[in-house]
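Please read the structure below before turning to the comments.
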Amino acid sequence: MGFKQVHDLIGGRAAWTALGLPTEGEIGDRHRISHHVAKGGVLLGAIDPAAGSLPPETPVERVMVPAPGTIRPEMRIEEVVEQLRSDGLDHVFVTAVNGVLEGLVVTDELHV
């Protein structure tokens with residue numbers, strides 16, 4: 001039929017955007033939180049902010065918060081800001097469905 005690029009949307013559009021594949025239309029890629037973070041490794045945990053006052057020889061497992069809360073990269077910026085305000089948080093990690101860390105979002109750095 002002349003198509004050069006064809007994709008099978010197994011899981012639908014939600015799965016497509018959750019994998020970080022390009023989108024367009026009313027929301028489009030530029031309105032997704034994934035465009036406001038840098039990609040990284042796999043998120044295993046986060047260090048509790050109180051750890052800064054502990055001795056440097058403190059084992060990391062004593063100050064690590066395992067499986068911290070995350071959001072998905074396909075979320076709209078407005079949704080992220082609303083969720084963070086509702087949860088009383090000033091930041092959140094962004095991870096893909098496969099656990100790959102996309103980055104950290106800080107509320108004050110978002111321009112809605």
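Coordinate-derived values only; no laboratory data. Predicted model, so just to flag it, every value in this text is computed and none were measured. Backbone-built Cβ (ideal geometry, glycine too); neighbour counts: all protein chains shown.
Which net charge results for the neighbourhood of SER86, defined as the other residues with beta-carbon distances under 13 angstrom from its beta-carbon, given Lys and Arg at +1 and Asp and Glu at -1?
Residues close to SER86 contribute a combined charge of -4.
Using the Cβ of ILE47 as centre and a radius below 13 Å, the other residues enclosed give a net charge of -1, where K and R count +1 and D and E count -1.
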